[in-house]
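The structure appears below as structure tokens.
The values are calculated or read from the model by the stated rules, or taken from the named source; none is laboratory data. These figures come from a predicted structure and were not determined experimentally. Note: ideal-geometry Cβ built from the backbone for every residue, glycine included; neighbour counts use all protein chains shown.
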Amino acid sequence: MRTLPHDLVLVIILAGSLASCQPAAERPQTMATGSAEPAVVTVEANDYAFGVPARVPAGVVTFRLVNQGKEAHHAQVIRLQDGKTVADFLRAFTDTASMPAWVRYLGGPVGTAPGRELLATTRLAPGRYALICRIRSPNGTTHVMKGMIREFEVVAGRDGSSAPLPVASDTLTLNDYGFVITRPLTSGYHTIRVENAGPQVHEVIMLKLVPGKTPADFARWGLSGRHGPAPGVPVGGAQFIDRGEVGVFSVELTAGEYGYICFVPDAKDGKRHFRHGMMTQFAVR
Ligand SMILES: [Cu+2]
């Protein structure tokens, strides 16, 4: 276990990747009373634990997932409502059915390969939260059951981020059961706003596909223990996100084949949403 500071995570100005890639004219101006950029919370993922600050400021927060493990990990942000705890979550957890309504889903960085990092931005109200990883190890056990669940508290107050959500270049809407993008994606830098129009919980994993492979190949590979070379690499997206919630991620696209996929188990029949059609392949030129 790593020792982590229990102090409130500092608001770090995104001097690098996100802000600099956005034209200054499009960046919202903010009053001097708050930070103009989202707070950045660095999450360290190992096999099988998360390092995350114990307290995170309320408001718009960018989770930066740094994978220091040997397996892929994601960082699903959940809010534990009705006084529930991580112990309650673990008792209720099932990988193949929907969870009780006291689990609220708020996105988070999608599956990140070892040695890589991915970012995802979300908006958090004060309360009790946790990060979980639902990825399966080769033996079939989900990482959350191996210890990849970590509680944190979202606190209001003067350190809270007053930043707006990053200005998006594109909006991707999730619904039962599909993905709708405002315009076809092109090569270059995009900041994509993810909205869940529901009614069910959804996610979007944006894949860059290996030539000749499909999102269905990725689904098979992912659910059967990730043996052999990956048919695609997640380049961005938003983990499970409830209806009405918004996530934002940024991605640099190069020409090639991409896909969107949703692995959320259906509320009615337990089948993962890609089996209901929530899986799309598209070309970027
Ligand atoms: Cu879905």
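Got at least one residue in the stretch 222-238 being part of a helix (DSSP H, G or I) and within 16 Å of the ligand (Cβ to nearest atom)? Among the residues of the stretch 222-238, at least one is part of a helix (DSSP H, G or I) and within 16 Å of the ligand (Cβ to nearest atom), which makes the answer yes. Restrict the check to the stretch 157-164 and report whether at least one residue is of a type in the set (G, A, S), touching a Phe, Trp or Tyr at 6+ places or on another chain (Cβ under 8 Å) and either under 19 Å from L65 (Cα atoms) or surrounded by fewer than 18 Cβ atoms within 10 Å (Cβ to Cβ) (or both). No, there is no match, as no residue in the stretch 157-164 is of a type in the set (G, A, S), touching a Phe, Trp or Tyr at 6+ places or on another chain (Cβ under 8 Å) and either under 19 Å from L65 (Cα atoms) or surrounded by fewer than 18 Cβ atoms within 10 Å (Cβ to Cβ) (or both).
For D242, the criteria (1) in contact (Cβ under 8 Å) with a residue 60 or more places away in the chain; (2) among the charged types (D, E, K, R); (3) over 30 Å from A125 (Cβ atoms) hold in every case but one, which is (3).
Test G259 against the criterion of being more than 12 Å from the ligand (Cβ to nearest atom), on the phi < 0 side of the Ramachandran plot and either without any contact (Cβ under 8 Å) to a residue 24 or more places away in the chain or of a type outside the set (A, V, I, L, M, F, W, C) (or both), and give yes or no. Spelling it out, G259 is indeed more than 12 Å from the ligand (Cβ to nearest atom), on the phi < 0 side of the Ramachandran plot and either without any contact (Cβ under 8 Å) to a residue 24 or more places away in the chain or of a type outside the set (A, V, I, L, M, F, W, C) (or both).
Taking the stated definitions as given, is G244 away from the ligand (no atom under 11 Å from the Cβ) and on the phi > 0 side of the Ramachandran plot? Here the answer is yes, as G244 does meet what is asked.
Among residues of the stretch 262-278 that are assigned by TED's automatic domain parsing to the domain that holds P234 and outside any loop (DSSP other than H, G, I, E, B), those with a Cβ under 8 angstrom from a residue that is near the ligand (Cβ under 8 Å from one of its atoms) and of a type in the set (S, T, Y), sequence gap 6+ or separate chain, pair up as H273/Y177; H276/Y177.
Among the residues of the stretch 147-174, those that are charged (D, E, K, R) and either more than 30 Å from P53 (Cα to Cα) or in a loop (DSSP other than H, G, I, E, B) (or both) comprise R158, D159, D170.
Within the stretch 175-217, the set of residues being assigned to a loop (DSSP other than H, G, I, E, B), at negative phi and more than 16 Å from the ligand (Cβ to nearest atom) comprises T182, R183, P184, L185, T186, S187, V210, P211, K213, T214.
The residues of the stretch 243-252 that are more than 19 Å from V66 (Cα to Cα) and crowded, with 19+ Cβ neighbours inside 10 Å, listed by number, are E245, V246. Of R116, R134, R183, all but one fail to be surrounded by 17 or more Cβ atoms within 10 Å (Cβ to Cβ) and of a type in the set (D, E, K, R); the exception is R134.
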